[in-house]
Amino acid sequence: MPRACPHCSATAVHAYLHGRRDQSALVWLWCSSCRSFIHASTRAPTWWQNLGSIDAAGLGATPVHLDEASLAIDRHWAQLPRARSVSVVEIRKLIPPSTRPVTSARFVLLADGTMIIVGRTPEATQAVEELTAQGVPGPGGTYIKMDAGMEFLRLLAENFRGSRLWATTVFEMEEDKALEISPTDA
Ligand SMILES: [Zn+2]
């Protein structure tokens, strides 16, 4: 922050979230230059903290008070401890007649090198555990197991390809989001 404004191109877009106890939040995005703004409700990331100097009572739909505090708000963003990102591979499944795949399970490589499987259901976790228990085919006829970390993820992504059940490529996710599969996950 600040970011470029899609309306006037000035680098003057600021953002502020006002998080509540239940993790719901109000969000404002505004441009100090052309005054365009967006106000909506959202879900605060787990690492978000409200800025103490912002008086919740003074927050209206228009970000007038927030704009006065924009310097402090930009600094606040820079100081927040962001969620760590982790590498994941998802096992996705097509359940006909639906044409939209669902995430059945997710392999999550934590920062300390531990691999965990997060399944949509306990049965899904178990099925994926069993499918990969012997490892995935590696170079020279070897089988690479989960404890190989990133090498396992890459080989899983390359080798686990079916028409109804397949592995995605390796991608990054925020750690807190990676540890649960939400009903809306692909
Ligand atoms: Zn603008």
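Quick check on the exposure proxy: order Ile91, Ile116 from fewest to most C-beta atoms within 10 angstrom.
If I rank by nearby Cβ atoms, fewest first, I get Ile116, Ile91.
Can you report the principal axis dimensions of segment 101-186 using only the alpha carbons, biggest first, rounded to whole angstrom?
39, 32, 21
For segment 1-105, how big is the tail of P(r) above 21 Å, as a whole percent of Cα pairs?
Counting every Cα pair in segment 1-105, those more than 21 Å apart make up 48 percent.
Give the residue from Pro183, His18, Leu94 lying farthest towards the positive end of the charge dipole for the chain; charges sit on Cβ (+1 for Lys and Arg, -1 for Asp and Glu) and the dipole is referred to the Cα centre.
Leu94
Tell me, what does the Kirkwood hydrodynamic radius of the chain come to in angstroms if you use every pair of distinct C-alpha atoms?
So the Kirkwood estimate lands at 19.4 Å.
In whole Å, how far is the Cα centre of segment 126-186 from that of segment 9-36?
Cα centroid of segment 126-186 versus Cα centroid of segment 9-36: 37 Å apart.
Between Arg3 and Gln23, what length comes free when the chain is fully extended (0.36 nm per residue of separation minus the Cα-Cα distance, one decimal in nm)?
Here the segment from Arg3 to Gln23 would lengthen by 4.7 nm.
Just name one of Ala57, Gln134, Ser32: the one whose Cα is farthest towards the positive end of the charge dipole of the chain (beta-carbon charges, Lys/Arg +1, Asp/Glu -1).
Result: Ser32.
Could you pull out which residues in segment 158-181 have an amide N less than 17 Å from a spot 7 Å beyond the Cα of Thr121, following the Cα-Cβ vector?
Answer for segment 158-181: 165, 181.
If you place +1 on the Cβ of every Lys and Arg and -1 on the Cβ of every Asp and Glu, how big does the dipole about the Cα centre of segment 85-178 come out, in debye to the nearest 20?
Dipole of segment 85-178, to the nearest 20 debye: 520 debye.
Which residues' amide hydrogens lie under 5 Å from the amide hydrogen of Ser104, considering only partners 5 or more residues apart or on another chain, with H built in the peptide plane?
Distant-sequence amide H within range of Ser104: Ile91, Arg92, Lys93.
Any idea what the relative contact order of segment 85-178 is, in percent, if you count C-alpha pairs under 8 Å spaced at least 6 apart?
35
Values in this text are rule-based calculations from the coordinates and carry no lab data. Since the model is a prediction, treat every value here as computed from it, not as a measurement. Positions of Cβ are generated from backbone atoms using ideal geometry, with glycine treated the same way; all protein chains shown enter the neighbour counts.
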